[in-house]
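Structure, as structure tokens:
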Amino acid sequence: MTADPADAGDRGYYVYGIVESEGAAPEAAPGVGAGSGSGSDVFLLEHGSLCALVSEVSLAEFGETELRQNLERPAWLEEKVRVHDEVLAQAARAATVVPLRFGTVYRSLEPIRELLAREQASLSRTLARLRGKREWGVKCLVDRGRLGDWVRRSDDRAAALAAQAAAETGGSAYFVRKRLERHVRERADAEAARLVDRAHERLAAAASDAVRGTGVGPGSDGGVALSGSYLVDTAAEDAFRGALRELAGEYEPLGLRLELSGPWPPYSFAVGEERP
Amino acid sequence: MSARDLSPADQNVTLVELVDRLLERGVVISGDVTIAVADIDLIELRLRALLSAVETTERRP
């Protein structure tokens, strides 16, 4: 059968990630192009011991220029990242996956086979490192008002300033109260930073690998003070969750909330070897 | 709790997490089409601005 020449230039192949050939089962999952009616289901492209998770897409949607334009449409981006994630999440339930970055597209299948051949050794090493492990995300959200209340209750200096403010009258009471507020704010910031560092250390100790995201610092009001990712062996998940529960219980009265997300495909650890 | 069964408000947070992971992490290979780092920074900035705007609207009584 001859391919329609008018069609050939429009077709691209979107790559989600890499799995081992052994035990890899084809997924009947719709690909990133399916929502627009121009793409295929996900299929496995095998080369030697590795398989790429691939689906056909239209270059009218995923070509260089078109992709850049589409990325500026939040609704489009949301739909596509969710599909990308769902494909990898489904694959990760059955096998170890090396996730690729969103938006990797080829014009033909041949360079994907070449990639599998060329990167065989490093991809196999990465797969071995990720085997039997899942990624979990933990965010720490700081309620600075509540943390400040806790500082007022527990800090000696704050108690002394409060007592002094109560004893003084008029203008001097005002200035003592100002000093008290500043002291509480500074103590709360320092405490938030310390508690967040400690939470990350504790969680990292219960994980095989850990990375700290570039979350908003503890200075922001009610902001995220920690955005950590943890690679956890499935056999160690109970211990990891136990550590998280313990921290959550301990931190809750201080106004710090810990939120768990996942399991994620190991997005944050696919390039772990190369990380300094 | 799994990230896959959250309330709509939490879904916003998850979307940011998802975009962080999918666009900033993962193995980069040179496809015929790939997204440039500068584009990724811009996308994330826009998305964060958009989502915080949504959140503000929702919180309004």
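The values are calculated or read from the model by the stated rules, or taken from the named source; none is laboratory data. None of the values given here were measured: they were computed from a predicted structure. A quick note on method: Cβ atoms are made from the backbone with ideal geometry, for glycine too, and the neighbour counts reach across all protein chains shown.
Observations on the model:
- The number of residues in the stretch A:132-153 being more than 11 Å from chain B (Cβ to nearest Cβ) and either of a type in the set (Ser, Thr, Tyr) or in a strand (DSSP E or B) (or both) comes to 4.
- Filter pass, B:ASP39 being closer than 17 Å to A:THR65 by Cα and either at pLDDT below 70 or among the acidic types (Asp, Glu) (or both): yes
- Scanning the stretch A:68-108 for residues being in contact (Cβ under 8 Å) with a residue 40 or more places away in the chain, part of a loop (DSSP other than H, G, I, E, B) and buried (at least 16 other Cβ atoms within 10 Å of the Cβ) gives a total of 5.
- Test: residue in the stretch A:106-113 that is within 9 Å of another protein chain (Cβ to nearest Cβ), within 30 Å of A:GLU250 (Cα to Cα) and either of a type in the set (Lys, Arg) or within 25 Å of the chain's Cα centre (by Cα) (or both): no
- Residues located in the stretch A:247-270, provided they are in a helix (DSSP H, G or I) and out of contact with any helix residue (DSSP H, G or I) (no Cβ under 8 Å at 6 or more places or on another chain): A:ALA248, A:GLY249, A:GLU250, A:GLU252
- Some residue of the stretch A:29-41 being in a helix (DSSP H, G or I), at pLDDT below 95 and hydroxyl-bearing (Ser, Thr, Tyr): yes
- Flag for A:ALA158 being touching a helix residue (DSSP H, G or I) at 6+ places or on another chain (Cβ under 8 Å), among the small types (Gly, Ala, Ser) and over 28 Å from A:GLY242 (Cβ atoms): yes
- In the stretch A:177-194, the residues that are out of contact with any Leu (no Cβ under 7 Å at 6 or more places or on another chain) and either surrounded by 12 or more Cβ atoms within 10 Å (Cβ to Cβ) or polar (S, T, N, Q) (or both): A:ARG177, A:LYS178, A:GLU181, A:VAL184, A:ARG185, A:ARG187, A:ASP189, A:ALA190, A:ALA193
- Scan the stretch A:47-67 for residues that are under 27 Å from the mean Cα position of the chain (by Cα), more than 10 Å from chain B (Cβ to nearest Cβ) and part of a helix (DSSP H, G or I) and the total you get is 1.
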